[in-house]
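K.L.:
Here's a structure for you.
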Amino acid sequence: MPEWSSKLQKVDDFRWRIPKDYKSGMRVPGLIYASEGMLQQIIADQAPEQVANVAFLPGIVRYSLAMPDIHWGYGFAIGGVAAMRVSDGVVSPGGVGFDINCGVRIMRTNLTRDEVKPKIKELIDALFLAVPSGVGSKGRIKLHPGEINEVLRKGSRWAVEKGYGRPEDIDTTEENGEMKDVSPDYVSARAKERGTPQVGTLGSGNHFLEVGVIDEIYEKDIAKTMGIDDIGQIVLYVHCGSRGLGHQVADDYIKEMMRAMQKYGIQVPDRQLACAPVNSPEGKHYLSAMRGAANYAWANRQCIMHWVREAFCRVMGVGEKEAGLELIYDVTHNIAKIEEHEIDDRKESLCVHRKGATRAFPPGHADVPAKYRSMGQPILIPGDMGRMSYILAGTEQAMRETFGSTCHGAGRMQSRSAMKKRLSGRDVLHDLESRGIAVRAGSMSGLAEEAPQAYKDVEMVVDVAHGAGISRKVARTRPIAVVKG
Amino acid sequence: MHVMKKYELIEHTADIGLKARGVTLAEAFANAALGMFSLVAELKNVCEKESRHVEVKADDIEGLLFEWLNSLLYYFDVDMLLFRRFDIMDFEDTRLAATCYGEQYDSTRHSLRMGVKSATYHQLEVNKEMNTVRVIFDV
């Protein structure tokens, strides 16, 4: 540990450099976004070692990056960003993670805290019933044989065509909820079997539904564009991923990459970093399957959001139009994408891995929905159960420094069993209720594992991202009800 | 008599893992599976009502452990099967065949604990001398 303190070079108040000579084999230096106060935790967690390991991967450009919510992962740290040249670089399933396109979306409403609060118990019960959640949850949707291929190809569009949501939801979803170049044949039969019964399920772990209230607005004009008008306004979050389908795709291709590394003579310091050239058959097949899994996750969130809308309108006794339930945005935080970035004054095609990191594209970027193009891409940073969440916007600085990326959440700080030793699910429930947060959870032990104390304070994380200029604060929300998977 | 612990849990910030041991390496593999299912659910009320024959292949012994555990997670996802006993019959470096016993999850009698997404290769270790294995899960 003392070793790290001397190795990390302070660049400025928000940036720490891991020099390239820290470990022989690093192709680029590492760069960690953090405040001085957060460093000790990051070092104790051995996350910098993982940042250094990622710097070994062929074709990596500029830096192996770590966002301020960095914590120990497997292979890549959570909060890791790495971009590899498409021409001679690699793609690594470990740089995406097992929950492909785990992500979050937020809807605005026309209702206020004062209107919703009296019905909050009823609302949370209705949400809990409407959205299947918990370990091994099965969905309300029965797919026809072969229909899973449609889900993989069309993502959100499949859901909307089936009647889950509205066409305009697609406009405010990253990638329009439908990544192109998907061949379902590259997704194994096992993955499809696991995914088929789980479309429209929340899952477990840190996945949740949340009723939040706008608590602070930092940028009035940008907030207004998003449909955030006032403090006290109610918003609704959905956080989940690609379920067993995504996990199986990751498993299948990590195995494939193990073989590919021998074939292409690639060596990595940790087998979980297994990879193959982006342009190799193995790399291409993985990217195709991963995009399919990403589309599955978007379809999943789209269906869930539809049920959240229905339940909300029913309990509140308002029509959908009157309720103003519009999707502000949907972001993914576990993904690899081929993007154009400027490297040494010329455009380069890169495979950008974001594992527990969010895209943060600047104003004017063609991939930002027309509605938001003048202000930059909306970014959603959910905190933990008891604390704030943030809505940010992408910046030019992020484009220059982090391949248009920023943090994704609070970042874990305490292990699950450490939390369970300290607290019971009931303790957490009472604590949250005493702070005016209604909770429904699939399991009490799951609740203890996800206690707010397990996480870094999201405010510190966001302040670093804002301070470093890789995103800007737009608004803050506070939870009043949470459904935990 | 000294009773050997079949497995113990390993702590990591965002994830959880285990170290399992056995008199033979095959037994260590079986105990790793037992440890994994004890993370997924409380196993004391799980009966041996159903069984599945599971065969897995891999390029090496580490890959075999990865494949073995993830294959069992597949049965949980698809058939909601909770296994509590694993008879490993054939065991080589690159393949194993086992019969796994347990029953389908029943919400009235069983309590689930956490969703295990996958075994990972991170710090995965198979020690043939000590008959121990180590694996970290993504949960």
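Values in this text are rule-based calculations from the coordinates and carry no lab data. Computed from a prediction, not measured in an experiment: that's the story for all the values here. Positions of Cβ are backbone-derived with ideal geometry, glycine not excepted, and every protein chain shown enters the neighbour counts.
K.L.:
May I ask you to compute the full-extension gain from A:GLN262 to A:SER6, defined as 0.36 nm times their residue separation minus their alpha-carbon distance, rounded to one decimal in nm?
P.N.:
Extra length from A:GLN262 to A:SER6 when fully extended: 88.6 nm.
K.L.:
Please state, to two decimals, what the Cα-based radius of gyration of the range A:322-421 comes to when divided by 2.2 N^0.38 Å (N = residues). Intermediate values should be presented prior to the final figure.
P.N.:
Working: Rg = 16.1 Å, N = 100, 2.2 N^0.38 = 12.7 Å.
Normalised Cα radius of gyration, the range A:322-421: 1.27.
K.L.:
Identify, among A:SER415, A:ALA441, A:ALA454, the residue whose Cα sits farthest towards the positive end of the charge dipole of the range A:403-460, taking +1 on the Cβ of Lys and Arg and -1 on the Cβ of Asp and Glu, with the dipole about the Cα centre.
P.N.:
It is A:SER415, whose Cα lies furthest towards the positive end.
K.L.:
With labels modelled as points extended 7 Å from the Cα through the Cβ direction, what inter-label distance (nm, one decimal) is found for A:ASP125 paired with B:LYS128?
P.N.:
Here the answer is 6.1 nm between the modelled labels.
K.L.:
Now a separate question. Return, for the Cα atoms of the range A:428-485, the radius of gyration and Dmax in Å, separated by a comma.
P.N.:
14.1, 39
K.L.:
Can you tell me the Rg and the Dmax, both Å, for the Cα atoms in the protein assembly as shown?
P.N.:
So, for the protein assembly as shown, Rg and Dmax equal 23.0, 73 Å respectively.
K.L.:
May I pose another question? For the pair A:ARG346/A:LYS421, report the inter-label distance in nm, with labels modelled 7 Å from Cα in the Cβ direction.
P.N.:
5.6
K.L.:
Rg and Dmax of the range B:1-117, Cα atoms, in Å?
P.N.:
13.9, 41
K.L.:
If I take every Cα pair under 8 Å that is 6 or more residues apart in the range A:1-71, average their sequence separation and divide by the length, what percent do I get for the relative contact order? Mind showing how you got there, number by number?
P.N.:
Values: 114 pairs, mean separation 22.5, N = 71.
Computed over the range A:1-71, the figure is 32 percent.
K.L.:
If you take the alpha carbon radius of gyration of the range A:135-274 and divide it by 2.2 N^0.38 Å, what ratio comes out, to two decimals? List each step's numbers first, then the result.
P.N.:
Working: Rg = 19.3 Å, N = 140, 2.2 N^0.38 = 14.4 Å.
The reported ratio for this selection is 1.34.
K.L.:
Mind checking which lysines have their Cα closer than 29 Å to the Cα of B:LYS128? Skip sequence neighbours fewer than 8 apart in that chain.
P.N.:
Partners within reach: A:LYS255, A:LYS263, B:LYS5, B:LYS6, B:LYS19, B:LYS57, B:LYS117.
K.L.:
Using the C-alpha atoms of the range A:375-468, what convex hull volume per residue, in cubic angstrom, is computed?
P.N.:
On the way: hull volume 10.5 nm³, N = 94.
Hull volume over Cα atoms, normalised by residue count, gives 112 Å³.
K.L.:
Here's a follow-up. At 0.36 nm per residue, and after removing the present C-alpha to C-alpha distance, how many nm does the segment from A:SER87 to A:MET444 gain when stretched out fully? It would help to have the intermediate numbers written out before the result.
P.N.:
Working: separation 357, 0.36 × 357 = 128.52 nm, distance 4.91 nm.
Residue separation times 0.36 nm, minus the Cα-Cα distance, leaves 123.6 nm.
K.L.:
In debye, nearest 20: dipole of chain B around its Cα centre with unit charges on the Cβ of K, R (+) and D, E (-)? Kindly include the intermediate steps, with their values, before the conclusion.
P.N.:
Numbers: 16 positive and 23 negative charges, 108 e Å.
It comes to approximately 520 debye.
K.L.:
Using only Cα atoms, figure out Rg for the range A:328-485 and give it as a multiple of 2.2 N^0.38 Å.
P.N.:
Working: Rg = 17.8 Å, N = 158, 2.2 N^0.38 = 15.1 Å.
So the Cα radius of gyration is 1.18 times the expected 2.2 N^0.38 Å.
K.L.:
Continuing with the same structure: Give the separation of the Cα centroids, the range A:202-271 to the range A:107-149, in Å.
P.N.:
Here the answer is 18 Å between Cα centres.
K.L.:
Which of A:MET316, A:ASN279, A:PRO382 sits closest to the plus end of the dipole of chain A, meaning its Cα is farthest towards the positive end, when Lys and Arg get +1 and Asp and Glu get -1 on the C-beta?
P.N.:
Going by the charge dipole, the pick is A:ASN279.
K.L.:
How charged is the neighbourhood of A:PRO132? Take every other residue with its Cβ under 10 Å from the Cβ of A:PRO132, and add Lys/Arg as +1 and Asp/Glu as -1. Can you show the working numbers first?
P.N.:
On the way: positive: A:LYS138, A:ARG140; negative: none.
Charge balance in the 10 Å sphere: +2.
K.L.:
Then there's this: When only Cα pairs under 8 Å and 6 or more residues apart are kept, what is the percent relative contact order across chain A? Don't jump to the answer; show the numbers that get you there.
P.N.:
Numbers: 1209 pairs, mean separation 105.0, N = 485.
Dividing the mean separation by the residue count of chain A yields 22 percent.
K.L.:
May I ask for the net charge around B:ALA97, where only other residues with Cβ less than 9 Å from the Cβ of B:ALA97 are counted and Lys, Arg are +1 while Asp, Glu are -1? Walk me through the numbers before you get to the answer.
P.N.:
Details: positive: B:ARG95; negative: B:GLU55, B:ASP90.
Charge balance near B:ALA97 sits at -1.
K.L.:
Give me the angle, in degrees from 0 to 90, between the Cα long axis of helix B:61-79 and the longest principal axis of the Cα atoms of chain B, rounded to the nearest 10.
P.N.:
10
K.L.:
Could you state the per residue volume, in Å³, of the convex hull enclosing the Cα atoms of the range A:91-179?
P.N.:
Details: hull volume 14.5 nm³, N = 89.
Output value, Cα hull per residue: 163 Å³.
K.L.:
Can you give me the angle between helix B:25-40 and the longest principal axis of chain B, using Cα atoms only, in degrees from 0 to 90, rounded to the nearest 10?
P.N.:
Approximately 40 degrees, to the nearest ten.
K.L.:
Assuming a strict under-30 Å limit between Cα atoms, what lysine pair count do you get for the range A:46-191 once near-sequence pairs (fewer than 8 apart, same chain) are dropped?
P.N.:
12
K.L.:
Same structure, new question: Take every Cα pair under 8 Å in the range A:36-151 that's 6+ residues apart, average their separations, divide by the length, and report that relative contact order as a whole percent.
P.N.:
Numbers: 89 pairs, mean separation 19.0, N = 116.
Computed over the range A:36-151, the figure is 16 percent.
K.L.:
Other chains near B:105-118: what is the mean number of their Cβ atoms within 10 Å of each residue's Cβ? Display every interim value, and only then the final one.
P.N.:
On the way: counts 2, 0, 1, 0, 0, 0, 4, 9, 8, 8, 16, 5, 15, 11.
For this peptide, the per-residue mean of nearby foreign Cβ atoms is 6.
K.L.:
Could I ask something else about it? Leaving out same-chain residues fewer than 8 places away, which lysines sit with a Cα under 16 Å from that of A:LYS347?
P.N.:
Within the straight-line cut-off, A:LYS347 pairs with A:LYS337.
K.L.:
Please give the contour-minus-distance gain from A:GLN46 to A:SER374: 0.36 nm per residue of separation, less the Cα-Cα distance, rounded to one decimal in nm. Walk me through the numbers before you get to the answer.
P.N.:
Working: separation 328, 0.36 × 328 = 118.08 nm, distance 3.95 nm.
Once the chain is fully extended between A:GLN46 and A:SER374, it gains 114.1 nm.
K.L.:
Moving to a separate point now. Of B:ASN45, B:PHE86, B:GLN104, whose Cα points farthest to the positive end of the dipole of the range B:44-105 (charges on the beta-carbon: +1 Lys, Arg; -1 Asp, Glu; origin at the Cα centre)?
P.N.:
Looking along the dipole axis, the top candidate is B:ASN45.
K.L.:
Using +1 on the beta carbon of Lys and Arg, -1 on that of Asp and Glu, and nothing else charged, what's the dipole of the range A:148-197 about the Cα centre, debye to 20? Spell out each step's value before the answer.
P.N.:
Numbers: 9 positive and 11 negative charges, 63 e Å.
For this selection, approximately 300 debye.
K.L.:
Please report how far the C-alpha centroid of the range A:1-64 lies from that of the range B:44-70, rounded to the nearest whole angstrom.
P.N.:
Using only Cα atoms, the two centres lie 38 Å from each other.
K.L.:
Please give the charge dipole size of the range A:306-399, origin at the Cα centre, charges +1 on K and R Cβ atoms and -1 on D and E Cβ atoms. Round to the nearest 20 debye. Present the calculation step by step, with values, prior to reporting the outcome.
P.N.:
On the way: 12 positive and 14 negative charges, 59 e Å.
Roughly 280 debye, rounded to the nearest 20.
K.L.:
Here's something else I'd like to know. Compute the long axis of helix A:458-468 from its Cα atoms, compare it with the longest principal axis of the Cα atoms of chain A, and write down the angle in degrees, 0 to 90, nearest 10.
P.N.:
It is inclined by approximately 50 degrees.
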